[in-house]
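Novice: For reference, the structure I am asking about is given below.
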């Protein structure tokens, strides 16, 4: 679900057709992704942090 939210619609279909998130699970995943995106936006603006932790 998060991959679809991030712009990758090819992940919409699951290999197990009956596997689907509930509305509650989707809402939780969306809220957590929003929190992560907010945190990462702040963290990645710190001087040198991206270069220091780049793989």
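Novice: So, in region 1-12, exactly how many residues are surrounded by 10 or more Cβ atoms within 10 Å (Cβ to Cβ) and in a loop (DSSP other than H, G, I, E, B)?
Specialist: 3
Novice: Now, a different point. I'm trying to understand the selection: among the residues of region 14-55, which are exposed (fewer than 10 other Cβ atoms within 10 Å of the Cβ) and in a loop (DSSP other than H, G, I, E, B)?
Specialist: 15, 16, 17, 18, 19, 22, 45, 46, 47, 48, 54, 55
FYI, it's all coordinate maths here, none of it is from the lab. All values derive from a computational prediction rather than experimental measurement. We place every Cβ from the backbone using ideal geometry, glycine too, and count neighbours over all the protein chains shown.
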